[in-house]
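Below is one structure; the comments refer to it alone.
Nothing in this text is a laboratory measurement; each read-out follows from the coordinates by a stated rule. What you are looking at is a predicted structure, and each value in this text was computed from that prediction instead of being measured. Don't worry about glycine lacking a Cβ; one is built from the backbone with ideal geometry, like all the others, and counts go over all protein chains shown.
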Amino acid sequence: MFGKGLATGLEITLKELFTPKVTIQYPEERAPLPARFHGRFTLDKEACIACGLCQNACPNRVINCVRTKVDKKNVLTGYHMDIQYCLFCGLCVEACPKGALRFSQDFEMACYHRENVPLVLLAEGDRPACDVSAAGGKEVKAGD
Amino acid sequence: MLDEKVAGRLPVLGESMPSLEVKENAVTVGRDELPALLRALKEDPELAFNYLTNLTATDLGDRITVVYHLVSFIYGYQLTVGCDIPRDDPRIPSVMEIYRGADWQERETYDLLGVIFEGRDLARILLHDGFEGYPLRKDFTWAGGRD
Amino acid sequence: MGDRIFIEFGNYLSGLLALAGAPLLLNQVILMIVKIVGALLFILLNLMFIIWLERRLAGWFQARVGPNRVGPKGLLQALADVGKLISKEIIIPGAVDKVIFLLAPVLIFVPSLVLFAVVPFGRGMIPVDLNLGIFFFFAIGSLSIVVFFMGGWASANKYSLIGSMRAVAQMVSYEIPMVLSVLGVVMITGSLKMSSVIASQTQVWNIFTQPVAFLIYFAASVAEVNRTPFDVVEGESEIVAGPMTEYGGMAFAMWYMAEYTNVILVSAFAVTLFLGGWLAPFGWTFLPSWVWFVLKLYLLIFLHMWVRWTYPRIRVDQLMSFGWKVLVPLSLANVFVTGFGMYVFRGIGW
Amino acid sequence: MITGTDLRDRLEHDIKTDRYVLNMGPQHPATHGVFRVVLTLDGEVIVNAEAVCGYLHRGIEKLAEARTYTQVIPYTDRMDYLAAMLNNLGYVQTLEKMMGVEVPERAEYIRVICAELTRIASHLISVGTYSIEIGGITGFFYCLRDREKILDLIEMISGSRMTVSYMRVGGVSEDLPAEFLPQVKKLMKELPAAFDEYDGLITGNEIFQARTKFVGVLNPETAINYSASGPMLRASGVNWDLRKARPYSVYDRFDFEVPLGRNGDCFDRFRMRILEMRQSVRIIEQALEGLPEGPFMGKAPKVIKPPVGEMYHEIEGARGILGYYLVSDGSPKPYRMHVRRPSFINLGLLSELCRGWKLADVVAILGSVDIVLGEVDC
């Protein structure tokens, strides 16, 4: 009968009017994030062996890890990510053999200035790179 | 892999087409006989390749291969038809008359690879009209941007 | 007890003026101005509330919460919106007819505001009780068609033009069933005066004697104010925003507010014509008459919103054929049946 | 005396009407992104509709040539971003077919579950936006409300809501988390009720039916000739669902039906999606029941180097036949990748379908084709 569908529609919306809402009031309330969430990256500097696999795995050449050779061993002296190009695909995290590079639950990455966008997980100088070079270290160019 | 029935039927259809070659998993044909072959494949009651699922091309350096992937909804057969054309003379007859679905795909192939489909209006579809060059050709270099 | 509060206030004011020695004419003029300001205040306050209500109800109907940040429960949302829109530039595109373009959003308010003069808000609370109240309503109400067309034409935009063409076609077509549906009420009442329409409903509301007329009036009024399912004028998925496409800032806000003013207006008339106006149902006179009026008004407004947030939009040619082929014959039949019924009842001596 | 025919003749000959061009898009509420239709109108009637796309062209096929096979996976997500899992699936299956990689049972089941979840999520967007295009905004929110639950599940599996990059050659990147199974089972119980709600609010509504029934009718011959696929093809009554016609993965183990339309109009195309979602729920329920234990990743080489040659493989995407054509020269990077994007080819039908209908119907027809511009423009 004509009008049945119209009435059903009204009934459904009226029912929804009294149903508790599912909206999360964002800044005050936060949705629980799953353990695997792809948020901002974190780097465990001690665990990183500066192998550069993450750099090679990245499809968009986001990662630049600066390595210095000390006693024939690579030491990480800088770790930069051009996060504006990042696809958050997780291939770098997957490639890390030591589990040093990880995702965190932090997703609020907006910032006011363009120059703050790139993610610096290890800035040159944070690590005693000068000690390293003093000991005869030679900087290895990224991608070698 | 070609279905046995298709492989058996193809030589019969291709009697008058000297350029038809039946390979392990595809057939190739010269560009002059391509429309005739596709029409025969479509109209043959035993094969009835009524659906053109995909049309694209690859730049192989010395030549461009245009491939047509056909499906028969009635029998479920699949067939790949390849057609080599010289790179410096990339003309090939349009198959829009046979499969209307080729319309946009031919335009896309023209747009990205510069294959000229004859017998129809060709206009760029994805790139803007003033774009120079055909980006999916191997000698295309892109200045600017990250890649 | 609060029933006469506004009337007492008026009497008090006029007494005060008389005491101050003001001549009768001045006294009446001041009283009229007070009445108009009162009606305007009523409109503006309700507008603010209705804009909030619409958005809030839309949210609730749609499994959302709606605006809840500005003020308690988001009640001041409309203020915030207006504040934002006032501070924006009114962009005037190059090709527009500037005078008409800017005049349209101002004029769109005129018919709606004028019409509030004949709305009976409560017992004895009608700004001007015209003899031809209902006629006045339709006569002035149809003027807004011109304004819609002005806006759409002046915008020099094809979407606007299509929208205003649709607006003219739609509003002209739906005026007719609307008038014809009200004719039944007028026949029963025997008067075009608002107060007599209400007075005739003391026994039984017109919605019970004229249910079909009410439905026709409601459908036509939804179309008159261009709301879903008859919102082909704005039809945002087809013609962006119809006549309002090129408007921004406060000019847009005027169009927006005019729409809600019209919702209040057509609902107020529906209350007066069909729901007994300010009359209390079941003799529940413990609430003042104007409270009853507002309650009934909001019931109808809620109905408008409920329908809007449930139904999809009808196509423009379907809208036309629905108006001409369904509503007009139906309302004509209603007029006929009403007349026939009146003869029969008069014959048996009711 | 003037008869009706005379009058019509006079109107046609004496009253001169002009056609005008209306540019719909690239910024328009109903074009699902940046897409433009140049309409030639006679009053409100469409004389010609020319679709102009390419505003979102990123050259993914070209980008793929500069990346390794694994690195292409995130790019496939970004084509049909509403059904990223299906894009992943098509791509990795093509590579597996090329290299002859065996995929463990568990991985196949996980893939089917993910693919069908994505199909539901994608169809929910389609149903919801279609409701908006017809003018009912509420239906959209109900669909999004339920899609959110699916996205939460997908996020739980892969860490991302839409651009998942979850599948790998030989399996999937991670096993299902422990909390996933009870939640997905609960959701599968809830979803049919939600579909009933859409049916009540949208499908059953008489205004909706008046707007969509017998509008933009596509007959089966035209659909096949124009290479239409997916719900659009099946709405015209052509029974061609690759999951049934040429089963890939483990689809041959599940019991489901392929819904078919009768009239091939907008209403049928819309209804196909709701019916398909119901079937997807059935498939997921069966897959959950049969989910075997075992590894989630097969023996795939670390560096993917398919043998020299070409491969074309198709799966049933959310919008139709999603095909990947890969040419390998034996290096770790694809020599050529081409994607048969269903919405791109379906969109080719737009001007054919629109001709003769009203302006408002363009929106209805475009919505029923259900395009994703990321995929059309690639």
Let me know the Kirkwood hydrodynamic radius for chain D, please, with Cα pairs as the basis and the value in Å to one decimal.
21.7
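Rounded, prolate or oblate: which fits the stretch D:272-326 when a ≥ b ≥ c are the square roots of the eigenvalues of the alpha-carbon gyration tensor, with rounded for a/c under 1.5 and prolate only if a/b beats b/c? Display every interim value, and only then the final one.
Numbers: a/c = 4.74, a/b = 1.35, b/c = 3.50.
The shape class here is oblate.
Run through the stretch D:299-344 and list the trypsin sites (Lys or Arg not before Pro) located in a DSSP loop whose Cβ has at most 12 other Cβ atoms within 10 Å.
Values: sites: D:Lys299, D:Lys302, D:Arg319, D:Arg336, D:Arg340; in loops: D:Lys299, D:Lys302, D:Arg319.
Here the trypsin sites (Lys or Arg not before Pro) that fit, given the DSSP loop and packing criteria, are D:Lys299, D:Lys302.
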Explain nothing, just the number: relative contact order of the stretch C:129-267, from Cα pairs under 8 Å at least 6 residues apart, as a whole percent.
31
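In debye, nearest 20: dipole of the protein assembly as shown around its Cα centre with unit charges on the Cβ of K, R (+) and D, E (-)? Walk me through the numbers on the way to the answer.
Details: 99 positive and 109 negative charges, 466 e Å.
Dipole magnitude for the protein assembly as shown comes out near 2240 debye.
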Partner aspartates and glutamates whose C-alpha sits under 16 Å from that of A:Lys4, ignoring same-chain residues fewer than 8 away, are D:Asp196, D:Glu197, D:Asp199, D:Glu206
Take D:Ser280, A:Ser104 and order them by how many other Cβ atoms sit within 10 Å, fewest up front.
A:Ser104, D:Ser280
So for chain D, averaging the separation of alpha carbon pairs under 8 Å that are six or more residues apart and normalising by length, what relative contact order in percent results?
26
Charge dipole of the protein assembly as shown about the Cα centre (unit charges at C-beta), most positive-ward option of B:Val12, C:Leu130, A:Thr68
C:Leu130
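Which GluC sites (Glu not before Pro) in the stretch D:62-123 sit in a loop by DSSP (not H, G, I, E or B) and have at most 16 other Cβ atoms within 10 Å of their own Cβ? Working shown, then result.
Details: sites: D:Glu65, D:Glu96, D:Glu102, D:Glu105, D:Glu108, D:Glu116; in loops: D:Glu102.
For GluC sites (Glu not before Pro) across the stretch D:62-123 that sit outside H, G, I, E and B with at most 16 neighbouring Cβ atoms in 10 Å, the list reads D:Glu102.
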Counting other beta carbons within 10 Å of each residue's own, what order do C:Thr245, D:Thr163 fall into, fewest first?
D:Thr163, C:Thr245
Checking the a/c ratio against 1.5 first, then a/b against b/c, what shape does the Cα gyration tensor give for chain C?
oblate
So what's the gap between the Cα centers of the stretch C:1-53 and the stretch C:119-160, to the nearest angstrom?
23
Proximal lysines relative to C:Lys84, as straight alpha-carbon distance under 20 Å, when same-chain residues fewer than 8 apart are discounted:
C:Lys73
Here, C:Val114 and B:Glu132, labelled 7 Å along Cα→Cβ, have an inter-label distance in nm of 6.5
Using 1/(1 + (r/R0)^6) with R0 = 51 angstrom and r between the beta carbons of B:Asp89 and D:Tyr81, what's the FRET efficiency to the nearest 0.05?
0.85
Spatially proximal lysines relative to C:Lys88 (Cα-Cα < 19 Å; intrachain offsets below 8 disregarded):
C:Lys98
In nm, give the distance between the simple-model label positions of C:Ile36 and D:Leu288, each being 7 Å from the Cα along the Cα-to-Cβ direction.
6.8
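Tell me, which longest segment in chain B has none of the GluC sites (Glu not before Pro) that fall in DSSP loops with at most 14 further Cβ atoms within 10 Å? Mind dumping the intermediate values first?
On the way: sites that count: B:Glu24, B:Glu46, B:Glu97, B:Glu132.
It runs B:47-96.
With +1 on the Cβ of every Lys and Arg and -1 on the Cβ of every Asp and Glu, and nothing else charged, how large is the dipole of the stretch C:45-348 about its Cα centre, in debye rounded to the nearest 20? If you can, show how the numbers build up before the last one.
Details: 19 positive and 14 negative charges, 117 e Å.
In total the dipole reaches around 560 debye.
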The alpha-carbon center of the stretch C:241-316 and that of the stretch D:193-232 are separated, in whole Å, by 34
In the stretch B:1-107, what trypsin sites (Lys or Arg not before Pro) fall in a loop by DSSP, with at most 14 other Cβ atoms inside 10 Å?
B:Lys23
Whether the stretch D:164-310 is rounded, prolate or oblate, judged on the alpha carbon gyration tensor where a/c under 1.5 counts as rounded:
oblate
Based solely on its DSSP helices, what 222 nm [θ] is calculated for chain D when runs of n ≥ 4 H residues each add -39,500 (n - 2.57) and the sum is averaged over all residues, nearest 500 deg cm²/dmol?
-15000 deg cm²/dmol
One point scatterer per Cα, no solvent, Debye formula: log10 I(q)/I(0) for chain B at q = 0.08, 0.17 Å⁻¹ comes out as -0.23, -0.93
Rough spin-label spacing in nm, given labels placed 7 Å along Cα→Cβ, for A:Ile83 and C:Val146
6.1
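In percent, how large is the relative contact order of chain C, given Cα pairs closer than 8 Å and 6 or more residues apart?
Numbers: 465 pairs, mean separation 77.5, N = 350.
With pairs under 8 Å counted, the relative contact order is 22 percent.
What list do you get for C:Trp205, B:Trp104 if you sort them by fewest beta carbons within 10 Å? Don't skip to the end; give the middle numbers.
Working: C:Trp205 21, B:Trp104 25.
Ordered from fewest to most neighbouring Cβ atoms within 10 Å, C:Trp205, B:Trp104 come out as C:Trp205, B:Trp104.
Tell me the mean residue ellipticity at 222 nm calculated for chain C from its helices only (DSSP H runs of n ≥ 4, each -39500 (n - 2.57), averaged over every residue, nearest 500). Write down the numbers at each step before the final one.
Numbers: 16 runs with 232 residues, N = 350.
Taking each H run of at least 4 residues, the total per residue is -21500 deg cm²/dmol.
Pop the C-beta distance of A:Asp71 and B:Thr141 into the FRET formula with R0 = 60 Å and round what comes out to the nearest 0.05. Don't skip to the end; give the middle numbers.
Values: r = 42 Å, r/R0 = 0.70.
Here the calculated transfer efficiency is 0.90.
Return the FRET efficiency for the residue pair C:Val99, D:Val45: r is the Cβ-Cβ distance, R0 is 25 Å, and the value is rounded to the nearest 0.05.
0.15
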